[in-house]
1. So, in region A:303-319, how many residues would count as being touching a strand residue (DSSP E or B) at 6+ places or on another chain (Cβ under 6 Å), assigned to a helix (DSSP H, G or I) and surrounded by 23 or more Cβ atoms within 10 Å (Cβ to Cβ)?
2. Say whether the condition of being within 14 Å of another protein chain (Cβ to nearest Cβ), crowded, with 22+ Cβ neighbours inside 10 Å, touching a strand residue (DSSP E or B) at 6+ places or on another chain (Cβ under 9 Å) and hydroxyl-bearing (Ser, Thr, Tyr) is met by at least one residue in region A:3-22.
3. Can you say whether A:ILE374 is in contact with a helix residue (DSSP H, G or I) (Cβ under 8 Å, 6 or more places away or on another chain), within 22 Å of A:SER59 (Cα to Cα) and part of a loop (DSSP other than H, G, I, E, B), as far as the supplied structure shows?
4. Here is a check on your reading of the model: is A:VAL133 in contact with a Leu (Cβ under 7 Å, 6 or more places away or on another chain) and in contact (Cβ under 8 Å) with a residue 40 or more places away in the chain?
5. Which one of these is surrounded by 14 or more Cβ atoms within 10 Å (Cβ to Cβ) and in contact with a Phe, Trp or Tyr (Cβ under 6 Å, 6 or more places away or on another chain): B:GLY226, B:GLY180, B:GLY230, B:GLY168?
6. Condition first: within 17 Å of A:GLN207 (Cβ to Cβ) and assigned to a loop (DSSP other than H, G, I, E, B). Now tell me which residues in region A:339-354 satisfy that.
Amino acid sequence: MKYEVDKKGFYGEFGGAYIPEAMYPNIEELKNRYLDIMSGSSFQKEFQDLLRDYVGRPSPLYYARRLSEHYGGRIYLKREDLNHTGSHKVNNTIGQILIAKRLRKTRIIAETGAGQHGVATATVCALMGLKCVVYMGAVDVARQAPNVLRMKMLGAEVIPVESGNKTLKDATNGALRDWINNPLDTHYIIGSVVGPHPYPDMVARLQSVISEEIKWQLMEHEGRENPDYVLACVGGGSNAAGVFYHFLDNPEVKLIGTEAAGLGVDTHETAATLATGSPGVLHSCRTMLMQNEDGQITEPYSISAGLDYPGIGPLHSQLFKSGRAKYESITDQEALDAAFKLTRLEGIIPALESAHAFALLEKMKFQENDVVVINVSGRGDKDMQTYIDVMQKNKMD
Amino acid sequence: MNRIDTLFKKNKDILSIYFTAGHPTLNSTAEIIRTLVEEGVDMIEIGVPFSDPVADGPVIQQSTYKSLENGMSVKLLFEQLKDIRKTVDIPLLLMGYLNPALQYGIEEFCAKCAEVGIDGAILPDLPLEIYQEEYEAAFNRHGIHNIFLATPQTSDERYIQLDKHSGGFLYMVAASSITGAKTGFQDYQQKYFERIKNLDLKLPRVIGFGISTRETFEHACRYANGAIIGSAFVSALEKDGDMKKNIREFVRTIR
């Protein structure tokens with residue numbers, strides 16, 4: 001594969017493992033073992049069985065008739081929102097907890113923004129009977145309250161992080177510090193294609209089930225494996241990595257990621273890393289970052305807690321640089337409008353993150369026969385308060 | 001000869017102190033250094049603030065945020081240090097995270113260190129392999145030591161490798177933790193100190209993380225050539241009253 005990570009853990013100039021020495025034994029062990037573990041038959045059997053019987057995979061590929069009539073083209077929705085726990089995040093946490101067990105780890109830590117990854121991690125920890133600690137920015141604890149309660153009900157300890165902007169970046173700092181403090185019994189389940197090698201590759205592989213399914217599902221629907229367009233939202237970029245993965249080497253498939261512009265890419269209130277960033281090192285990985293000229297990370301902003309991150313996975317930095325994928329910016333308002341439009345046209349309430357992918361439809365011009373796949377990375381239950389506020393403001397009924 | 005090498009050749013029981021530049025006030029950097037020198041400290045690590053200090057505990061995190069709020073930057077720090085060698089002879093190191101140095105430019109960073117008289121750098125998130133491949137040449141060109149850290153989880157083989165490539169000394173992290181670790185040593189640390197003492201490393205070792213009192217300092221010195229105090233000193237700087245007096249009082253509690 002042309003866009004695969006190299007032996008040293010880089011995608012072109014991006015990636016690597018810029019880790020403190022304290023993390024070296026854990027990262028080295030993971031790096032040396034993840035591919036063997038994941039290709040082993042015991043792992044594969046357990047992973048596939050759980051994806052089918054516990055998560056509910058394959059997730060449907062749904063032909064969205066009214067959306068297609070509205071925007072043109074033949075638009076299909078990949079329904080990751082129908083997974084157990086309500087988003088694509090569980091594909092990764094199922095895989096990583098099986099890896100953690102094989103590494104004989106007994107304690108799991110995670111960071112979370114919107115709470116989707118936190119819930120997915122707390123869920124698999126309950127399933128496997130492992131102790132679970134989730135770091136979450138204090139601002140996100142407040143704005144994603146239902147997910148905090150779910151994690152607690154699942155038995156996880158949720159630790160609010162009070163540093164920085166108190167969002168996803170700060171939660172990640174908290175989890176990394178925990179791992180340095182607990183080097184022996186703990187596995188860190190990173191929720192996106194970020195962090196030190198091998199995480200970006202490992203998470204992309206675990207999420208690649210999404211595009212693997214699309215290939216045969218599209219064959220059933222359309223008699224062809226490859227769509228013309230694939231659209232996905234990008235924060236760290238794990239759902240986009242999963243939905244792009246098996247199309248990366250098919251250049252005729254146009255891949256488009258949508259970043260969160262927040263209030264706009266020319267304001268300071270944005271989380272559009274590729275639109276506004278430059279290369280640097282954060283969270284043990286060299287990638288595109290929002291930063292000032294002194295190398296200090298700029299605090300991001302987005303209405304969507306899951307996209308509110310000043311970095312992006314190194315794979316996406318490389319896809320952006322090489323031009324293999326395109327990335328567009330979507331504002332808070334555009335995402336909100338798209339969420340309501342999808343809800344009224346198809347009866348699907350998307351997560352705010354996923355709504356950023358749908359907002360791109362407003363800016364696209366499709367031919368009648370274009371086949372378009374959009375990843376519905378998560379469902380909107382956790383965002384109901386935001387949506388209710390919008391309805392009250394607009395006096396919608 | 002690099003001042004770090006000279007120091008370790010002559011002295012033992014080295015007392016090294018860390019503080020964050022730009023904290024407690026933006027322009028306190030030079031005064032803190034001079035006062036520490038007056039008090040007989042052997043070596044100083046000047047912390048370069050970074051917005052996301054993942055290897056640091058609450059005390060150094062807070063000092064970092066304060067410093068950035070005060071307006072500190074790599075550029076300004078070099079400006080503050082430009083005359084420091086007129087009055088200070090002991091080894092001075094910069095300690096911080098990779099990204100600010102990367103954005104400054106590693107070549108320029110090393111050149112500027114040499115120009116103002118910085119002897120070494122400690123960048124905890126720059127691992128050995130990437131250092132060798134990308135940056136070692138620049139450090140060598142400008143005669144700047146790059147010091148590696150090793151922890152209780154670091155294997156003997158890895159310790160020997162780090163010993164081979166570290167510049168001047170090896171930073172021996174005492175605890176499996178971020179900075180500001182609990183003071184006092186547990187059994188596993190004692191065994192670790194002895195394991196490393198028996199490795200017959202070529203470089204001097206300095207122990208840091210969890211050193212905050214005379215007792216822990218002296219204990220560490222039995223297993224290494226000296227010790228580093230960070231969080232405890234940063235806390236002392238935050239006390240009310242005259243800063244110089246606070247510095248003096250703190251150093252005198254150590255030796």
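The values are calculated or read from the model by the stated rules, or taken from the named source; none is laboratory data. Bear in mind the structure is a predicted one, so any value in this text is a computation, not a measurement. Positions of Cβ are generated from backbone atoms using ideal geometry, with glycine treated the same way; all protein chains shown enter the neighbour counts.
1. First pass over region A:303-319, keeping only residues touching a strand residue (DSSP E or B) at 6+ places or on another chain (Cβ under 6 Å): A:304, A:307, A:310-312, A:314-315, A:317-319.
With the extra rule that they be assigned to a helix (DSSP H, G or I), the set shrinks to A:307, A:314-315, A:317-319.
After this cut, where a residue has to be surrounded by 23 or more Cβ atoms within 10 Å (Cβ to Cβ) as well, the list is A:307, A:314-315, A:317, A:319.
Count: 5.
2. Yes, region A:3-22 contains at least one residue that is within 14 Å of another protein chain (Cβ to nearest Cβ), crowded, with 22+ Cβ neighbours inside 10 Å, touching a strand residue (DSSP E or B) at 6+ places or on another chain (Cβ under 9 Å) and hydroxyl-bearing (Ser, Thr, Tyr).
3. It is false that A:ILE374 is in contact with a helix residue (DSSP H, G or I) (Cβ under 8 Å, 6 or more places away or on another chain), within 22 Å of A:SER59 (Cα to Cα) and part of a loop (DSSP other than H, G, I, E, B).
4. Values: in contact with a Leu (Cβ under 7 Å, 6 or more places away or on another chain): no; in contact (Cβ under 8 Å) with a residue 40 or more places away in the chain: yes.
Answer is no for this residue.
5. Unique residue meeting the criteria: B:GLY230.
6. The first filter runs over region A:339-354 and keeps only residues within 17 Å of A:GLN207 (Cβ to Cβ), leaving A:351, A:353-354.
Answer for region A:339-354, where residues must be within 17 Å of A:GLN207 (Cβ to Cβ) and assigned to a loop (DSSP other than H, G, I, E, B): just A:ALA351.
Yes/no matrix, rows are residues, columns are (1) modelled with pLDDT under 95; (2) of a type in the set (Lys, Arg); (3) under 14 Å from the mean Cα position of the chain (by Cα):
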site	(1), (2), (3)
B:THR154	no, no, no
B:GLN161	no, no, no
B:GLN186	yes, no, no
B:TYR192	no, no, no
B:VAL234	no, no, yes
B:VAL251	no, no, no
B:ARG255	yes, yes, no
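Let's see how each residue does on (1) within 20 Å of B:ILE118 (Cβ to Cβ); (2) at pLDDT 95 or above; (3) of a type in the set (D, E, K, R):
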site: B:GLY47; (1), (2), (3): yes, yes, no
site: B:SER51; (1), (2), (3): no, yes, no
site: B:PRO58; (1), (2), (3): no, no, no
site: B:GLN61; (1), (2), (3): no, yes, no
site: B:THR64; (1), (2), (3): yes, yes, no
site: B:GLY71; (1), (2), (3): no, yes, no
site: B:ASP83; (1), (2), (3): yes, yes, yes
site: B:MET95; (1), (2), (3): yes, yes, no
